[in-house]
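The values are calculated or read from the model by the stated rules, or taken from the named source; none is laboratory data. Please read all numbers here as calculations on a predicted model, not as lab measurements. Virtual Cβ from ideal backbone geometry, glycine too; neighbours counted across all protein chains shown. The protein model used for the area step is the full one, side chains on, heavy atoms only, and it has no ligands, DNA or RNA in it. Shrake-Rupley method; radii C 1.70, N 1.55, O 1.52, S 1.80 Å.
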Amino acid sequence: MEVEAPGHEIFEVNFTGRSIIKAVNPLPGPHILTLSNLDLLSGRFPVTYFYFYHKPLVSNLTPIVDILKSSLAETLNYYYPFAGRIVQNLNTSEPEIICDNNGALLVEAQANIRLKELNFYDLNQLLQGKLVKLSPDFPLQVQVTHYTCGGISITFTFDHALGDASAFGNFLVSWSEITQKKQMSCIPDHRRNLRARFPPSYHPSLDQTFVKCTIEEIINMPTTKIRLKRLYHIDAASIERLQKLACVNGNKRTKIEAFSAYVWKVMINAIDQSHSKCKMGWLVDGRARMCEENSMSNYIGNVLSVAFAEASLIELKQDSISDIANNVHEAISKATTQDHFLDLIDWIECHRPGLMLSRIVLGQGGPALVLSSGRRFPVAEVDFGFGSPVLGTVCSTIERIGVAYLNQRQSARGDGSWTISAILWPELAAALESDSIFQPMSANHLQL
């Protein structure tokens, strides 16, 4: 697909090479990795992380893509499921990972414009037709794109069955450490040992939050207006100002809680009169809740739940940022306990076989927005020996989704600012952009 870049150049990407990268020291023979209960809650959505780099200032005569191929092959020794195949078990109808060193796909591409000419704000234009088509044979796909200025972008697309953001972050850091000949800071744990209790039991509220579904229902969920994919910059001063508003009356609220309160209040300007309420949700990582002393930090897989809260439009309009932040804090707190995750694992056990998903993500709960906080997700750390990125963020390539999403990442600038990747309906995008807090991402923000 051809897209007109800001500098009026038609943005084109030509694919120039394709390699299958296998682990150099694979396991002795193929084996099956059974997914955990929480893996079945992932929805199998493809997740794409993309990083942009200045022209490398390296004297190494070895082409960068060859360095990446070699270090990826070594990294797959440790992350061997990422070089496997995800297939459906014919008896259970559940996905499983065949660890057979089938390989990861690495594609090379050439763009016809400079990095600074990219439209970073409009992710529909930036990504559509610019990434190699997803192949079911490769749960990990990597694309290295060269720009006329010498800059580079690297995109990593994972099948969600492989893991969640924490797992993928560990993988990217390990790969960059291996590329730089550093000692790995993470020895991955592939046991997927999150088992249900016997007998399983759970709080009945989970029946209203989650639902059993099929991969066909996920792929073919009803078409909505939630199609705009946007990238925003939020400066540190705006974040601090929102946190001060949320922390009146002696309450201590996090930056994410304060930001959530602001976004939720803005949402009321983007919802039609046929709805009297709206929901907001937050992805919660259970690693620190399931075990003490952060012993699950190297766990590779999915350990996510979703916390939700509902409020009337009248309440959101009348309440202050501080009041709404208190509601946000209370909702998130309910899902940040060991009991919640043990109940969720048991709920899934009682509904197997098959896939599970939040009802609201399937579009069954009315207007809603889900926020994912990636404050620990690596950005500057993803350095393959030619410098830290000027941008690192995430976006989904899926075409249908039942809920709006905001994905927060620390800015590569290291100044406390944020990068927000968003999937929105048009009225919500307009409402968020009506204030100065959500700044459409530009080359200037990236100091290109």
Exercise. State, to one decimal in nm, how far the label point of Ile219 lies from the label point of Asn249, with both points 7 Å from Cα in the Cβ direction.
Key: 5.0 nm
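Quote the FRET efficiency, to the nearest 0.05, computed for Asn77 versus Gln273 with a Förster distance R0 of 51 Å and r equal to the Cβ-Cβ distance. Don't jump to the answer; show the numbers that get you there.
Details: r = 58 Å, r/R0 = 1.13.
So, using R0 = 51 Å, E works out to roughly 0.35.
Contact order normalised by length for the stretch 60-177, with contacts defined as Cα pairs under 8 Å and 6 or more residues apart; what percent is it?
Values: 150 pairs, mean separation 29.0, N = 118.
With pairs under 8 Å counted, the relative contact order is 25 percent.
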Self-check item: Cα-only radius of gyration and Dmax that characterise the chain, units Å
Solution: 21.6, 63
Practice problem: Mind checking the per residue accessible area of the chain for me, 1.4 Å probe, whole number of Å²? | Solution: 43 Å²
Quiz item: Using the alpha-carbon centroid of each, what span in Å lies between the stretch 230-258 and the stretch 286-365?
Solution: 21 Å
Self-check item: Gln364-Ile67 pseudo-label distance in nm [points 7 Å out on the Cα-to-Cβ vector]
Solution: 4.9 nm
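So which of Lys229/Lys279; Lys182/Lys244; Lys182/Lys255; Lys244/Lys317 end up more than 30 Å apart by C-alpha? Could you put the intermediate results ahead of the total?
Numbers: Lys229/Lys279 20 Å; Lys182/Lys244 41 Å; Lys182/Lys255 33 Å; Lys244/Lys317 19 Å.
As for pairs spanning more than 30 Å Cα to Cα, those are Lys182/Lys244; Lys182/Lys255.
For the stretch 1-143: lysine pairs with Cα atoms under 24 Å, gap of 8 or more or different chains, count?
Lysine pairs satisfying the spacing and distance rule in the stretch 1-143 number 8.
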Exercise. Report the relative contact order of the chain, percent, no decimals, based on alpha-carbon pairs under 8 angstrom and at least 6 residues apart.
Key: 23 percent
Quiz item: If R0 is 41 Å, what FRET efficiency do you get for Gln338 and Gln88 from their C-beta distance, rounded to 0.05?
Solution: 0.85
Exercise. Write down, largest first, the equivalent ellipsoid semi-axes of the stretch 1-150 in whole Å, where each equals the square root of 5 times an eigenvalue of the alpha-carbon gyration tensor.
Key: 33, 21, 11
Quiz item: Taking the Cβ-Cβ separation of Cys149 and Arg376 as r and a Förster radius of 45 Å, what is the calculated FRET efficiency to the nearest 0.05?
Solution: 0.90
Exercise. May I ask which residue of Pro200, Ala335, Ser185 lies farthest towards the positive end of the charge dipole of the chain, with charges of +1 (Lys, Arg) and -1 (Asp, Glu) on Cβ and the Cα centre as origin?
Key: Ser185
Quiz prompt | All-pairs alpha carbon distance profile, the stretch 70-222, 5 Å steps from 0, percent | solution = 2, 7, 12, 16, 17, 15, 13, 9, 5, 3, 1, 0, 0
Self-check item: Net lengthening on full extension, Glu427/Arg400 (0.36 nm per residue, minus Cα-Cα)
Solution: 8.0 nm
Self-check item: Paired Rg and Dmax values of the stretch 79-124, which use every Cα atom, in angstrom
Solution: 18.2, 51
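What ranking do 46-57, 207-218 get when scored by the average of other Cβ atoms within 10 Å per residue, highest first? Display every interim value, and only then the final one.
On the way: 46-57: 19.2, 207-218: 15.2.
For the peptides 46-57, 207-218, the packing ranking is 46-57, 207-218.
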Quiz item: Using only Cα atoms, what is the ratio of the radius of gyration of the stretch 224-344 to 2.2 N^0.38 Å?
Solution: 1.20
Quiz item: What 222 nm value per residue comes from the helices of the chain, counting each DSSP H run with n ≥ 4 as -39,500 (n - 2.57) and dividing by all residues, nearest 500 deg cm²/dmol?
Solution: -7500 deg cm²/dmol
Quiz prompt | Computed over the stretch 105-172: relative contact order in percent, which uses C-alpha pairs under 8 Å that are six or more apart | solution = 36 percent
Quiz item: Want the number for Arg241 to Ser201: 0.36 nm per residue separation, take away the alpha-carbon distance, what's left?
Solution: 10.1 nm
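About the Cα centre, and with charges only on the beta carbon of Lys, Arg (+1) and Asp, Glu (-1), how big is the dipole of the stretch 140-229? Nearest 20 debye, please.
On the way: 10 positive and 7 negative charges, 28 e Å.
In debye, rounded to 20, the stretch 140-229 gives about 140.
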Quiz item: Expressed as a whole percentage, what fraction of the accessible surface of the chain belongs to carbon and sulfur atoms when a 1.4 Å probe is rolled over the protein heavy atoms?
Solution: 49 percent
Quiz prompt | Alpha carbon centroid spacing (whole Å) that separates the stretch 403-432 from the stretch 26-56 | solution = 23 Å
Practice problem: Once you've got the GNM for the chain with C-alpha springs shorter than 10 Å, pick whichever of Asn37, Asn77, Asn249 has the biggest mean-square fluctuation. | Solution: Asn249
Quiz prompt | Size of electric dipole in the chain: Cβ of Lys, Arg +1 and of Asp, Glu -1, about Cα centre, debye, nearest 20 | solution = 320 debye
Quiz item: Which distance in nm do the two modelled labels at Arg352 and Gln447 give, with both placed 7 Å along the Cα-to-Cβ direction?
Solution: 4.9 nm
Practice problem: State the percent of C-alpha pairs, over all pairs in the stretch 164-287, separated by a distance greater than 26 angstrom. | Solution: 55 percent
